[in-house]
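To start, the structure itself, in structure tokens.
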């Protein structure tokens, strides 16, 4: 089965095309380019959008705008092509790319999103449970000093394990369903909702 997957929750967006788990192509760019990147992957592989059997999309946590771009693209494609869509946690995709490491996404506002005891959490970098483990993701890179001071290990900034690769989302895609039922993962109230309160 052909799977088109993408994640736009962080500053680095990724798009991948897989056939029965084998990567046919993958691109790394920005959220605003996700549909153009998907089109280029399909054209390069000589595949029609009608041949896709499944969409996998990163549902966050991450940038509010980035997550919304990814969900809008997945919902639009899913509805237009009548495809099932599977939402995949961006933190779980990072963890799948670095087994045994703690995934940490920069949440801005001096906070991070991380998997703590298997649960996604939003917390201050100083509140991360630091152990002598590897920490990956853009949050780990940004707060390297805090993590390393506590005894954690952060790979070099350009290490591929810091990227939530779309191929990992495709491999983690379970229980797909109607596009309109895929929901984002927000670990804090969006600013727009705070202003309305």
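The residues 69, 47, when put in order of fewest to most other Cβ atoms within 10 Å, stand as 47, 69.
In whole percent, what relative contact order does region 76-165 give with Cα contacts below 8 Å and a gap of six or more residues?
27
Rounded to the nearest 10 degrees, the angle from helix 64-81 to the longest Cα principal axis of the chain is 20 degrees. Taking the chain as a Gaussian network, where each spring joins two C-alpha atoms under 10 Å apart, which residue of 100, 46, 87 fluctuates the most? Largest GNM mean-square fluctuation: 46.
Model label points for residue 160 and residue 20, set 7 angstrom from Cα along the Cα-to-Cβ axis, are 2.3 nm apart. Computed over the chain, relative contact order equals 25 percent, with contacts defined as Cα pairs under 8 Å that lie 6+ residues apart. Each helix, a run of at least 4 DSSP H residues, gives -39500 (n - 2.57); summed and divided by the residues of the chain, these come to -9000 deg cm²/dmol at 222 nm. Where is the GNM fluctuation largest for the chain (alpha-carbon springs, 10 angstrom cutoff): 44, 63, 89? Comparing 44, 63, 89 in the GNM, the peak value goes to 44. Taking the DSSP beta bridges with both ends in the chain, the antiparallel portion is around 70 percent. A convex hull fitted to the Cα coordinates of the chain yields 114 cubic angstrom per residue. Anisotropy class assigned to region 99-160 is rounded, per the alpha carbon gyration tensor with a/c under the 1.5 cut-off. The stretch between residue 126 and residue 51, if pulled fully straight at 0.36 nm per residue, gains 22.3 nm over its current Cα-Cα span.
Just so you know, all these numbers are worked out from the coordinates, no wet-lab data involved. Being a predicted model, the structure only gives us computed values, none of them experimental. Cβ sites come from the backbone with ideal geometry, for glycine too, and all protein chains shown count toward neighbours.
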